[in-house]
Amino acid sequence: TPLEPGRSDDESRSARLVAFLDEEVFAPLPERLKRALCRASLLDDLDPDSVRLLLGRVDGDYLLAEVARRDLFLRPLPDGSRVASFHPLFREVLRRRLGEQVTAVEHRRRLARLTRYWTQRGDSARGIRALLDAGDRAAAERLFDEAAAGTTSEWHRALGPLAVELLHPAAGRPRTAS
């Protein structure tokens with residue numbers, strides 16, 4: 001096939017793959033599954049707890065069962081187990097469709113809920129990635145700053161005066177006469 005004007009061969013191939021995934025894989029799916037897949041596209045991996053938080057228990061369990069039954073989007077992990085995960089090009093299709101299904105306010109609300117959930121479980125990095133993926137750099141930077149401040153405070157509490165010496169070595173040593 002000829003190249004599309006202004007696109008490299010790889011970009012053109014990716015665009016054709018995205019169109020194929022949209023038309024041949026996504027379009028024939030049941031509406032309920034399509035809605036659930038689009039909303040779940042906010043997640044990197046479809047871990048059950050995050051899926052249920054995002055979609056609710058009933059729709060989350062439905063999505064997980066359908067993904068397993070249809071053997072969709074599964075990738076092996078080094079330990080041999082499998083976790084549901086979106087191929088980046090299919091995720092692009094799902095996110096585009098998500099933008100057609102939900103308002104920007106609902107999208108931000110879902111992201112905020114996921115980010116709080118992950119942060120409360122000590123996984124701020126996952127929340128930061130989700131915010132960056134969604135294009136909310138300012139919120140990602142705020143969460144990064146909060147996580148960094150919290151980590152520093154925890155170290156200060158745990159190490160006491162030793163933390164000052166470790167963080168500011170000159171402050172913990174006696175001065176020598178010159």
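The values are calculated or read from the model by the stated rules, or taken from the named source; none is laboratory data. Fair warning: this is a prediction, and the values are worked out from it, not measured in the lab. Cβ placement follows ideal geometry from the backbone for every residue including glycine, while neighbour counts extend to all protein chains displayed. Just so you know, the surface numbers come from the protein's heavy atoms only, side chains and all, with ligands and any DNA or RNA stripped out. Shrake-Rupley method; radii C 1.70, N 1.55, O 1.52, S 1.80 Å.
Points to keep in mind about this one:
- With respect to the conditions (1) under 17 Å from the mean Cα position of the chain (by Cα); (2) in a helix (DSSP H, G or I); (3) within 15 Å of R91 (Cβ to Cβ); (4) of a type outside the set (S, T, Y), D49 falls short on a single one, namely (3).
- Applying the set (1) under 21 Å from D47 (Cβ atoms); (2) β-branched (V, I, T); (3) surrounded by fewer than 19 Cβ atoms within 10 Å (Cβ to Cβ); (4) free of Cβ contacts under 8 Å to residues at least 24 places away in the same chain to V105 leaves exactly one unmet item: (1).
- Of all the residues in the range 82-97, those that are of a type in the set (K, R) and either more than 13 Å from A40 (Cβ to Cβ) or outside any helix (DSSP H, G or I) (or both) number 2.
- Top-ranked residue in the range 110-126 [being within 12 Å of L143 (Cβ to Cβ) and charged (D, E, K, R); ranked as surrounded by the fewest Cβ atoms within 10 Å (Cβ to Cβ)]: R116
- Filtered residues of the range 1-34 (kept if modelled with pLDDT of 95 or more, open to solvent by 40 Å² or more (accessible area, probe 1.4 Å) and not in a loop (DSSP other than H, G, I, E, B)): E31, R32
- H87 being under 27 Å from A68 (Cβ atoms) and surrounded by fewer than 17 Cβ atoms within 10 Å (Cβ to Cβ): yes
- Pick from the range 134-149, criterion part of a helix (DSSP H, G or I) and touching a residue at least 12 places away in the same chain (Cβ under 8 Å), ranking: farthest from the chain's Cα centre (by Cα): E146
- Qualifying residues in the range 46-82 (those that are on the phi > 0 side of the Ramachandran plot and surrounded by 12 or more Cβ atoms within 10 Å (Cβ to Cβ)) - the one modelled with the highest pLDDT: G56
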